[in-house]
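Every number in this text was worked out from the coordinates using simple rules, so none of it is lab data. What you see is a predicted model, and the numbers here were worked out from it, not measured in a lab. Ideal geometry is used to build each Cβ from the backbone, glycine not excepted, and the neighbour counts take in all protein chains shown.
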Amino acid sequence: MSSAKDDILSRVRQAHVAAPPPALGYADVAREYRTTSELGLDAMRELLIDRLLDYKALVRPTRAADLATTVAAALADRGVLTAVVPPGLPPEWLAETDVEVRFDGGLNQPPISVADLDQMGAVITGCATAVAETGTLVLDASGDQGRRVISLIPDYHLCVVRPENICADVPQALARLEGTRPLTMISGPSATSDIELNRVEGVHGPRTLEVIVVTDPVGEVPH
Amino acid sequence: MSAPTAPRPVVSTTPRPVMLGMPALPPTSPRGVGNLRGDESFPAFARHSLQDAQLRRNLGNATQTIRGKREQVVAEVDDWQELREAGRQLKVHTMAQLETYLPQLEAAVTAQGGVVHWARDATEANQIAIDLIQAKGVDEVVKVKSMATAEIGLNEALEAAGIAAVETDLAELIVQLGHDKPSHILVPAIHRNRSEIREIFLREMEGVDPELTDEPAALAGAARRHLRRKFLSAKVAISGANFAIAETGTLAVVESEGNGRMCLTLPETLITIMGIEKLVPRWSDLEVFLQLLPRSSTGERMNPYTSMWTGVTPGDGPQEFHLILLDNGRTAVLADGEGRDALNCIRCSACLNVCPVYERAGGHAYGSVYPGPIGAILSPMLTGIEDNASLPYASSLCGACYDVCPVKINIPEILVHLRASHTETYAAEHRRPSVEATAMKAVAWVMSNPTRWKLALRSGRIGRILGRQRGMIGEVPLPLAKQWTDARDIPQPPQQTFRDWWAKEHKES
């Protein structure tokens, strides 16, 4: 009695005998689409901000020296009382805020339960990369981003984008990412157009996305 | 609005007729399970769906809006044609090398702690899912929208096994609560307007606010509250997958609302059911498809959320992951040299949104979870053409679908190929030619002789009398002609044949 796997692979072979496919090797696939970009850092950053705004994300540009102040201001404007942060978030980002901050897991601390996460007003993360052309933030569960669940349950996601995070387009982004990590690509707050094609923001997932974009160093950076 | 259901025959796998001297072909998807076959032919159903003014208005508005958005974001991409060609070639290559890539995918998923199952058909896939869920001791699961699970009739099979499957996509939720069927691949509840949706929620949603208005934001808010309870307590989730990377074992789900993230992250156990054609060779190849899909489907530069995962990550997300690889007739499609490009489909629905027939008849008329142009070729090939014989004719062959397809599937060519297959199969099974075959033979006889052709053109002018009132010839109540014309209008022939006009024009020279 052959297994389903054997049967299916044998059917594939059968199909290829009945209708031999073209000999098109992987290396022969035509790749004439653009895989490099001419954009410098400033241009990418400007494009990123433009695209984030287009997606109805909130954006706060800030200088690196003012980052902690900006984080505090964003949380205060939002009226946040408690925020969850990933264990590897740079603590200096939180230096100016008096919001109650809970680190999710990390040294000697258990991960926060889903029920507790549901009570928290905000999540603060960095990002693995930010794609200028599409306004996409990518989280890869690294130390400054954390488990996927912490950026999913709270209603407000505050994400910091530093110059070294920014890349030009989707091909560049994929080249920087490790495919086997748990990845979440975020392009604006959640939305649906299922009701008469009326786009409604905020279904599941954080209904407000705010992005702090660090605007220095100024100038071209090779990438 | 659903078609009346007749009892389905319980028949197991239907093999295609085997001709003496030829090797057997892979089986098509079995009857009696799943949602690939309608109860009425396309023209029969379309006749009444065309009368549904609300459906036509909603659908016309929806498809027009999405068409506009798609055009705009595609125009931004200066290497769009190059991306399309790369997408096409990648898919053709992958289908040709499925025998290598499928085991590679299995190995990569397994190496990262996932479990891979193989399902020859819908029945087997449903049983595997049921067994996995029952092993967890739960009777309710949350679902992310998945065409593959709709195709195999998973929800029906789960219900029969005492398991409730909660659809978490807003449109699928609307369809489920409304005891209805989806009418579009991407916006399945487009046939419903807001007041209908409000009524459905008031009637079927537990704990809903009785003061609920029909504002889309309020409706979405009601869905959020209703589903959040389910998400936060679900133990098992079921999803499909948009792409699977053979090289790394990574799966990708492309979505807008966040219910995908919820289902893929919160439960302890995740079961993903995916057609074997969704494979992509390497991680970097996603650079092509992640550009083609969002722009073609919702007309966005990028959809709100894309989740990617590989097997199991300790401490993050489901700690048990099962991937069910589904055949269900795909290998039968693969065996059709002229039709197999239908497997290249990435389910963007751009072809639906641009099709003049789909826009007017609606998705239900196709009788399958795959409607529109792609459905007209994929559904008959998955089931065997005789179970969906009317679908390849549900087209004017205008070719708009081919123009917008991000992976360049030549749908019109495959439609014509399937029409030819049907006439041959019909003749073989009924030992006489079909109406189309007879008509084509008659026309061929006339066209093969210049004098006969000239006479025919002249006498065609009589058609002007038939079409006098509205400039179009409708139904012609003569044998043979009736079957062709009762679902098609023909423009009135012109006053002068081309030959007469030419002769007159060139009299001087």
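Could you line up B:Val404, B:Val443, A:Val71, B:Val73 from fewest to most neighbouring Cβ atoms inside 10 Å?
Working: B:Val404 22, B:Val443 12, A:Val71 25, B:Val73 18.
So the residues, fewest neighbours to most, are B:Val443, B:Val73, B:Val404, A:Val71.
From the residues B:Leu270, B:Val280, B:Leu326, which one has its Cα farthest along the dipole of the stretch B:222-329 in the positive direction, the dipole being from +1 and -1 charges on Cβ of Lys/Arg and Asp/Glu about the Cα centre?
Looking along the dipole axis, the top candidate is B:Leu270.
Counting only residues 5 or more places away or on other chains, whose amide H sits under 5 Å from the amide H of B:Thr272 once H atoms are built in the peptide plane?
Placed amide hydrogens put B:Ser239, B:His322, B:Leu323, B:Ile324 under 5 Å from B:Thr272.
In whole Hz, what ³J(HN,Hα) sequence does the stretch A:47-54 give by Karplus (6.51, -1.76, 1.60; θ = phi - 60°), x for Gly and Pro?
The phi angles translate into 5, 4, 4, 4, 6, 5, 5, 4 Hz.
Please give the average number of partner chain Cβ atoms lying within 10 Å of the Cβ of each residue in B:164-174, rounded to a whole number.
The shielding value for this peptide is 2.
Please compute the net charge surrounding B:Gln104, taking Lys and Arg as +1 and Asp and Glu as -1 over other residues with Cβ under 11 Å from its Cβ.
Details: positive: B:Arg282; negative: B:Glu99, B:Glu106, B:Glu247.
Local net charge: -2.
Testing the spin-label approximation: label points 7 Å from Cα along Cα→Cβ at B:Ala442 and B:His179. State their distance in nm.
Taking the simple label geometry, B:Ala442 and B:His179 are separated by 4.7 nm.
Evaluate the charge dipole of chain B about its Cα centre and quote only its size in Debye, nearest 20, assuming +1 on the Cβ of each Lys and Arg and -1 on the Cβ of each Asp and Glu. Write down the numbers at each step before the final one.
On the way: 54 positive and 59 negative charges, 435 e Å.
It works out to roughly 2100 debye.
Would you list B:Trp80, B:Trp453 from fewest to most Cβ contacts within 10 Å? Mind showing how you got there, number by number?
Working: B:Trp80 18, B:Trp453 15.
Sorted ascending by nearby Cβ count, the order is B:Trp453, B:Trp80.
By count of other Cβ within 10 Å, fewest leading, how are B:Lys408, B:Lys143 ordered? Intermediate results must be reported in sequence, preceding the final value.
On the way: B:Lys408 19, B:Lys143 27.
In increasing order of surrounding Cβ atoms, one gets B:Lys408, B:Lys143.
Can you compute 3J(HN,Hα) from phi for each residue in the stretch B:262-267, using the Karplus curve 6.51 cos²θ - 1.76 cosθ + 1.60 with θ = phi - 60°, rounded to whole Hz and x for Gly and Pro?
Each residue's phi maps through the Karplus curve to give 4, 5, 7, 10, 7, x Hz.
Below 8 Å between Cα atoms, with a sequence gap of 6+, how large is the relative contact order for chain A in percent? Intermediate results must be reported in sequence, preceding the final value.
Working: 398 pairs, mean separation 55.6, N = 223.
Once divided by the residue count of chain A, the mean separation gives 25 percent.
Using +1 at the Cβ of each Lys and Arg and -1 at the Cβ of each Asp and Glu in the stretch B:329-380, identify which of B:Asn344, B:Ser368, B:Leu378 lies farthest towards the dipole's positive end.
B:Ser368
For a quick check of your reading of the filter: which GluC sites (Glu not before Pro) in the stretch B:61-105 sit in a DSSP loop and have no more than 13 other Cβ atoms within 10 Å?
On the way: sites: B:Glu71, B:Glu76, B:Glu82, B:Glu85, B:Glu99; in loops: B:Glu76.
Listed in order of number, the matching sites are B:Glu76.
Can you compute 3J(HN,Hα) from phi for each residue in the stretch B:372-382, using the Karplus curve 6.51 cos²θ - 1.76 cosθ + 1.60 with θ = phi - 60°, rounded to whole Hz and x for Gly and Pro?
With the stated coefficients, the stretch B:372-382 comes to x, x, 5, x, 5, 9, 6, 4, x, 6, 5 Hz.
How high is the FRET efficiency between A:Ala64 and B:Arg47 when r is their beta carbon distance and R₀ equals 51 Å, given to the nearest 0.05? If you can, show how the numbers build up before the last one.
Values: r = 67 Å, r/R0 = 1.32.
Efficiency, from the Cβ-Cβ distance: 0.15.
Could you work out the relative contact order of chain B? I mean the mean sequence separation of Cα pairs under 8 Å and 6+ apart, divided by the number of residues, in percent. Could you put the intermediate results ahead of the total?
Numbers: 875 pairs, mean separation 100.8, N = 509.
Rounded, it is 20 percent for chain B.
Hey, with R₀ at 25 Å, roughly what FRET efficiency would B:Arg431 and B:Ser459 work out to, going by the Cβ-Cβ distance, to 0.05?
That gives a FRET efficiency of 0.15.
Taking amide H positions as placed in the peptide plane 1.01 Å from N, state which residues far from B:Leu397 in sequence (5 or more) or on other chains have amide H under 5 Å from it.
Correct list: empty.
Pull up all non-local amide H partners of A:Thr35: gap of 5 or more, or a different chain, and H-to-H distance under 5 Å with H placed in the peptide plane.
It is none; the list stays empty.
For a Förster distance of 56 Å, can you work out the FRET efficiency between the beta-carbons of B:Gln495 and A:Tyr26, rounded to the nearest 0.05? All intermediate terms of the calculation are to be shown ahead of the outcome.
Numbers: r = 59 Å, r/R0 = 1.05.
Efficiency, from the Cβ-Cβ distance: 0.45.
Report the residues of the stretch B:145-185 in range of a label on A:Arg199: point 7 Å along Cα→C-beta, backbone N strictly under 19 Å from it.
Residues B:170-171 fall inside that zone.
Going 7 Å from the Cα of B:Asp131 toward and past its Cβ, which residues in the stretch B:80-121 have a backbone nitrogen under 15 Å from where you end up?
Flagged as within label range: B:115-121.
What is the mean number of Cβ atoms from other protein chains located within 10 Å of the Cβ atom of each residue in peptide A:101-111, rounded to a whole number? Walk me through the numbers before you get to the answer.
Numbers: counts 0, 0, 0, 0, 1, 0, 0, 0, 0, 0, 2.
The per-residue average across the peptide is 0.
In deg cm²/dmol and to the nearest 500, what is the mean residue ellipticity at 222 nm of chain B if only DSSP H runs of at least 4 residues count, each as -39500 (n - 2.57), divided by the residue total?
On the way: 23 runs with 239 residues, N = 509.
-14000 deg cm²/dmol, from helical runs alone.
Using a 7 Å offset from the Cα along the Cα-to-Cβ direction at both A:Arg102 and B:Arg57, what is the distance between the two label points in nm, to one decimal?
Here the modelled spin labels are 5.0 nm apart.
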